[in-house]
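Notes for the one structure printed next.
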Amino acid sequence: TTTTTTHPPPPPIFIMNITDVDDKILQRAKETNVTPQSLARRFEAEFWEDMDALNVRRPTVVTRVTEHVEDSIVGYIGKIVEKGMAYVVRDGGGGGDGDGGGDGS
């Protein structure tokens with residue numbers, strides 16, 4: 001006879017990304033004379049309070065954009081610029097047209 005042991009599957013891992021830096025955050029931080037990080041953390045704390053009040057289960061892992069700028073995002077942006085899917089503008093910013101064939105116009 002063959003004995004089969006079944007094990008329950010592992011629990012799912014829920015990962016949530018927090019966008020803690022973008023043009024709106026940078027602008028608002030400048031207007032209110034606070035650091036972008038402190039502004040983002042304040043909004044994040046308010047977000048978690050709202051989620052808790054709604055009884056929403058927290059994710060297993062939380063990542064933030066600022067935690068991955070140097071190790072992932074800068075290289076990714078470089079690659080999409082090289083492929084012509086984004087462009088650098090004079091003020092140091094960038095843009096893209098979303099279809100991969102943009103010239104920035």
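The values are calculated or read from the model by the stated rules, or taken from the named source; none is laboratory data. Fair warning: this is a prediction, and the values are worked out from it, not measured in the lab. For neighbour counting, all protein chains shown are included, and Cβ atoms are generated from backbone atoms with ideal geometry for every residue, glycine included. To get the accessible areas, we keep the full protein, side chains included, count just its heavy atoms, and leave off ligands, DNA and RNA. Shrake-Rupley method; radii C 1.70, N 1.55, O 1.52, S 1.80 Å.
Just a few scattered comments:
- Within region 44-65, the set of residues being open to solvent by 70 Å² or more (accessible area, probe 1.4 Å) and either of a type in the set (Ser, Thr, Tyr) or in contact with a Pro (Cβ under 9 Å, 6 or more places away or on another chain) (or both) comprises just one member, THR60.
- Matching option when the condition is at pLDDT below 95, in contact with a strand residue (DSSP E or B) (Cβ under 8 Å, 6 or more places away or on another chain) and not in a loop (DSSP other than H, G, I, E, B), among ILE77, ILE73: ILE77
- Against the criterion of being open to solvent by less than 100 Å² (accessible area, probe 1.4 Å), modelled with pLDDT of 95 or more and in a loop (DSSP other than H, G, I, E, B), VAL34 qualifies.
- If you go through region 75-85 and keep only what is farther than 19 Å from VAL65 by Cα and either surrounded by 13 or more Cβ atoms within 10 Å (Cβ to Cβ) or in contact (Cβ under 8 Å) with a residue 60 or more places away in the chain (or both), you end up with VAL81, GLY84, MET85.
- Single residue of region 10-21 satisfying the filter (open to solvent by less than 60 Å² (accessible area, probe 1.4 Å) and either assigned to a loop (DSSP other than H, G, I, E, B) or under 13 Å from ARG57 (Cα atoms) (or both)) that is modelled with the highest pLDDT: MET16
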